[in-house]
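**Q** The structure is given below, and queries will be raised subsequently.
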Amino acid sequence: MFCSVLSGGIRGIESFPVHVETDISSGMPCFDIVGYVGSEVREAKDRVRTALRNAGYLMPVARITVNLSPADVRKSGSGYDLPMALSVLACMEVINADSLKGIFVAGELSLSGDVCAVKGILPMIKMAKDKGIGKCLIPAANSGEGSVIEGIDVYTVSSINEAIDFLEGRADIPPVESHLRRDLLAEHEYKHDFIQIKGQKTARRGAEIAAAGLHNLIMIGPPGAGKTLIAKCIPSIMPPLGEDECLEVSSVYSVRGSLDPRKPVITSRPFVSAHSSSTDISLVGGGANPKPGAVSLAHKGVLFLDELPEFSRKSLEALRQPLEDRAVHITRNRDICTFPADCMLVAAMNPCPCGHYPDMNKCTCNTAQRNKYMSKISGPFLDRMDICVVTEKVTPFDIQSESEQEPSKIIRKRVMAAHEIQKRRFKGRGILFNSQMGNREIEEFCRLDTDGAALMKRLAIKYDMSARTYYRVLKVARTISDLAGQNDINEESLLEAVRMKVSF
């Protein structure tokens, strides 16, 4: 007898349909799983056989063949256990095969017959909805993710027997209720706010410009100047995530298996702080079964690299292409995985190994040591940083000052106004922010008048700008003008953009 159940696989953060086809026939007793599968999928036959036995069902002594179609795409993960078990039971006529039509199934089985959580449920349910499937059957442990997608009935089970009773109509399981709209409308509370930052006028301004145009930012200054706090405050001045952005960011965390069951949807801008010991794979993603790295976990948010020169050269160079493409492409045998990486990179570093340069009364480093320290970061990597600001030492006067600092909510209003200008400007062009402009958009939207062009030429010669640096200055100048509500880039915006780029 033959039976087919719809399930799904993961490629990058996207899901693709997989038909779990099972056939039980006479012949040499065996349990074969075919269809270009990974080792964890091949091991499913032992989990399925034992789980069914402990649930009270003995598999027949016959030839059992399970095919995961399409056969030319590699399948990995443990989410095929439940659809395999149900298709076997349908072939055994324990359940009606018609009950499996028009339903998506995914879940891992324990040896006791319990249904365990699997990674990537969120993009799987989204794929099922896009394919016109009206029902999904998933593990109860994934019920939080099941509540995210609207327009599809998601049912959860905790055991194979519960799944059988549901399909046979003996158990009344209500679909999970979607809370996406409610979560999006909830007011966000930010742990860090710019009102907490004392002084640092230049750094605050640089952070605002960076958030307004999604520009990469690097801060250099002595220890204790507030570089890390400024970085942590940046998400508080960025606009809230939209519905599509929420689903995209949440899908990254779902594939990684990092979603909090109590909060199954990411509704605030991610802030990911990578340690200086991070490898290139942990930063950009990869592995035998490719998983998203830190740059993808920071998608639509902030990736923070503290103590930048302490990162290995290999790790930093691996970030160069994702920063340019806003995506990570990982090639494996006969397959390519793509993870989104549209994030804002914020980096911080000391001016020298001891951290006190140019205060020669405290600095213990010689010129060679300072040059060696700075040379750990390549020129091409620094070229990809749109804004460079110097943070100053915070004095006791700054700390004890009672003057009210501007809070994040006020800065966020200006940033959101600049975002709206960019959204209208780039409508229909596939980009959202000034930092994403290509040469064609720069020529169209960053035009300079005669005096501005002459000034830019002099500055480019003076600072020996590369072509990439030249264009990035224009992008930042465009963002500064947007923050000021100006249609044209004036000389003041141009000079500020240059100062932000050539600070050190």
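The values are calculated or read from the model by the stated rules, or taken from the named source; none is laboratory data. In this text, all values refer to a predicted model and were calculated from it rather than measured experimentally. As a convention, Cβ positions derive from the backbone with ideal geometry for all residues, glycine included, and neighbour counts pool all protein chains shown. What goes into the accessible areas is simple: the full protein's heavy atoms, side chains included, and nothing from ligands, DNA or RNA. Shrake-Rupley method; radii C 1.70, N 1.55, O 1.52, S 1.80 Å.
**Q** Sort out for me the strands (runs of 3 or more DSSP E) sitting completely within segment 58-175 that have 3 or more residues that are over 19 Å from R11 (Cα atoms) and of a type in the set (F, W, Y).
**A** none
**Q** Which of the residues spanning segment 91-116 are under 24 Å from R63 (Cβ atoms), among the acidic types (D, E) and buried (at least 19 other Cβ atoms within 10 Å of the Cβ)?
**A** Answer for segment 91-116, where residues must be under 24 Å from R63 (Cβ atoms), among the acidic types (D, E) and buried (at least 19 other Cβ atoms within 10 Å of the Cβ): there is none.
Residue by residue, here is whether (1) over 20 Å from R313 (Cα atoms); (2) in a loop (DSSP other than H, G, I, E, B); (3) not assigned by TED's automatic domain parsing to the domain that holds I10 holds:
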site	(1), (2), (3)
C246	yes, no, yes
V252	yes, no, yes
S277	no, yes, yes
N289	yes, yes, yes
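**Q** Determine, yes or no, whether R458 is open to solvent by 30 Å² or more (accessible area, probe 1.4 Å) and in contact (Cβ under 8 Å) with a residue 60 or more places away in the chain.
**A** No.
**Q** Further, regarding this structure: Which members of segment 262-279 meet the condition of being of a type in the set (A, V, I, L, M, F, W, C) and open to solvent by less than 30 Å² (accessible area, probe 1.4 Å)?
**A** Across segment 262-279, the qualifying residues are V265, V272, A274.
**Q** Enumerate the helices (runs of 4 or more DSSP H) found wholly within segment 400-504, keeping only those where 1 or more residues are within 30 Å of E189 (Cβ to Cβ).
**A** 408-425, 467-483
**Q** State whether the residues of segment 280-288 include one that is out of contact with any Asp or Glu (no Cβ under 9 Å at 6 or more places or on another chain), aliphatic (A, V, I, L, M), surrounded by 22 or more Cβ atoms within 10 Å (Cβ to Cβ) and more than 28 Å from Y36 (Cβ to Cβ).
**A** Yes, segment 280-288 has at least one match.
**Q** Is segment 73-82 home to any residue that is open to solvent by less than 60 Å² (accessible area, probe 1.4 Å), in contact with a Lys or Arg (Cβ under 9 Å, 6 or more places away or on another chain), over 12 Å from V18 (Cβ atoms) and among the charged types (D, E, K, R)?
**A** yes
**Q** Take A341 and decide whether it is under 30 Å from S76 (Cα atoms), in contact with a helix residue (DSSP H, G or I) (Cβ under 6 Å, 6 or more places away or on another chain) and open to solvent by 10 Å² or more (accessible area, probe 1.4 Å).
**A** no
**Q** Turning to a different aspect of this structure: For segment 297-317, which positions are of a type in the set (G, A, S) and open to solvent by 30 Å² or more (accessible area, probe 1.4 Å)?
**A** S312
**Q** Go through segment 462-492 and give me each residue that's at pLDDT 90 or above and aliphatic (A, V, I, L, M).
**A** Scanning segment 462-492 gives V473, L474, V476, A477, I480, L483, A484, I489.
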